[in-house]
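Engineer: This is the structure I have questions about; it appears just below.
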Amino acid sequence: MTVPHAVQFSGIGRSRLYELMNAGQIEAVKAGNRTLVLTASIRAYLADLPAAFPKREG
């Protein structure tokens, strides 16, 4: 997906998304002048984030 689509999909800011790509935490490829974020990579990153409101027991 394109960077603007990845930003909209994930809720991650554009600058932060590029930081994550440069750090290797989210995979992306170049297609000509365009940077394409691998959908599976961004989904995996989001799935690994801690829950904002952990489930309570009981």
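Engineer: Filter the range 26-43 down to the residues that are under 8 Å from the mean Cα position of the chain (by Cα) and free of Cβ contacts under 8 Å to residues at least 24 places away in the same chain and list them by number.
Structural biologist: Those that are under 8 Å from the mean Cα position of the chain (by Cα) and free of Cβ contacts under 8 Å to residues at least 24 places away in the same chain: 26, 41, 43.
Engineer: Among (1) surrounded by 10 or more Cβ atoms within 10 Å (Cβ to Cβ); (2) of a type outside the set (Phe, Trp, Tyr); (3) in a strand (DSSP E or B), which single condition is residue 25 missing?
Structural biologist: Checking residue 25 against (1) surrounded by 10 or more Cβ atoms within 10 Å (Cβ to Cβ); (2) of a type outside the set (Phe, Trp, Tyr); (3) in a strand (DSSP E or B), the one that fails is (3).
Engineer: Take the conditions touching a Leu at 6+ places or on another chain (Cβ under 8 Å), surrounded by 11 or more Cβ atoms within 10 Å (Cβ to Cβ) and aromatic (Phe, Trp, Tyr) and apply them to residue 18. Does it pass?
Structural biologist: No, not satisfied.
Engineer: How do the pairs read when you match residues in the range 1-25 that are hydroxyl-bearing (Ser, Thr, Tyr) with residues anywhere that are surrounded by fewer than 11 Cβ atoms within 10 Å (Cβ to Cβ) and at pLDDT 95 or above, using Cβ under 9 Å and keeping only pairs 6 or more apart or on different chains?
Structural biologist: Within 9 Å, the pairs are 2/34.
Engineer: Follow-up question, since we're still on this one. Just checking, does the range 33-49 include any residue being part of a loop (DSSP other than H, G, I, E, B) and modelled with pLDDT of 95 or more?
Structural biologist: Checked the range 33-49: at least one residue is part of a loop (DSSP other than H, G, I, E, B) and modelled with pLDDT of 95 or more.
The values are calculated or read from the model by the stated rules, or taken from the named source; none is laboratory data. Everything quoted here is computed from the prediction, not taken from an experiment. Every residue, glycine among them, receives a Cβ derived from its backbone with ideal geometry; neighbour counts consider all protein chains shown.
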